[in-house]
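Heads up, the thing below is written out as structure tokens.
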Amino acid sequence: MSTLYQITQNSSNSYEFTTFSNTVYEVYFRDGSGYFPHNHQIASFVFMFGFHVKSNDSLPLASKRKEQDIAIRETIAQIIIRFFENNPLGILMYVCSHFESKQIYRKTLFDKWFKQINNQNLELKKVDDYVDDIDGNVTYYSILFRKNRIQQKELIDSFLKIKSADLDDKLD
């Protein structure tokens with residue numbers, strides 16, 4: 001049995017897959033240039049990465065839970081790999097949502113996924129940062145790019161200048 005679900009490309013920046021339990025996931029890459037307003041050479045290559053459950057027709061079976069989770073991770077990882085194969089200068093940025101106060105869980109999960117993706121000969125670099133808001137919530141966010149990418153210093157410097165207000169203004 002394959003560890004990947006069948007991937008359907010909806011548009012140039014949106015993909016879907018359906019799990020064994022008929023849960024439909026959407027994986028997307030949206031324009032992230034607004035996070036780098038003072039560096040237009042870098043901004044044009046920035047995409048916000050995200051995914052969500054689009055529909056859930058049935059609950060997963062307990063016996064398939066572990067297998068399903070692995071296939072979800074592997075499928076999302078494959079979509080990210082394709083992104084970098086098609087966009088060698090691309091920059092992926094993601095923000096760990098505060099939804100249900102699980103941002104640290106999301107950060108830990110994405111850190112594990114990065115290690116898995118990076119073991120597939122892509123040679124990616126990941127830079128992490130975080131901000132505290134006035135309510136004491138911590139927002140974790142990261143960028144991924146190829147290790148051989150030009151303008152790395154400028155990219156990292158611009159990324160580390162992102163503040164809480166920048167994140168709040170641009171997130172849905």
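Determine which member of the set Tyr15, Tyr5, Tyr35 is within 17 Å of Asp69 (Cβ to Cβ), among the aromatic types (Phe, Trp, Tyr) and touching a Phe, Trp or Tyr at 6+ places or on another chain (Cβ under 9 Å).
On the way: Tyr15 fails: within 17 Å of Asp69 (Cβ to Cβ); Tyr35 fails: within 17 Å of Asp69 (Cβ to Cβ).
Only one candidate passes the filter, namely Tyr5.
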Item checked: Leu59, sole failed condition from (1) part of a loop (DSSP other than H, G, I, E, B); (2) at pLDDT below 90; (3) surrounded by 13 or more Cβ atoms within 10 Å (Cβ to Cβ); (4) not β-branched (Val, Ile, Thr) -> (3)
Check: So which residues in the range 1-49 are outside any loop (DSSP other than H, G, I, E, B), crowded, with 17+ Cβ neighbours inside 10 Å, of a type in the set (A, V, I, L, M, F, W, C) and in contact (Cβ under 8 Å) with a residue 24 or more places away in the chain?
Finding: Phe17, Val27, Phe29, Ile42, Val46, Phe47, Met48, Phe49
Item checked: Flag if Leu144 is at pLDDT 85 or above and more than 13 Å from the chain's Cα centre (by Cα) -> no
Checklist line | Candidate set: the range 133-155, residues that are assigned to a loop (DSSP other than H, G, I, E, B) and of a type in the set (S, T, N, Q); chosen: the one surrounded by the fewest Cβ atoms within 10 Å (Cβ to Cβ) | finding: Asn148
Item checked: Residues within the range 111-141 that are within 15 Å of the chain's Cα centre (by Cα), under 20 Å from Glu100 (Cα atoms) and not polar (S, T, N, Q), tallied -> 3
Notebook entry, point to check: Going through the range 100-128 one residue at a time, which ones are touching a Phe, Trp or Tyr at 6+ places or on another chain (Cβ under 8 Å) and assigned to a loop (DSSP other than H, G, I, E, B)?
Noted result: Leu122
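The values are calculated or read from the model by the stated rules, or taken from the named source; none is laboratory data. Predicted model, so just to flag it, every value in this text is computed and none were measured. Note that each Cβ is placed from the backbone with ideal geometry, even for glycine, and that neighbours are counted across all protein chains shown.
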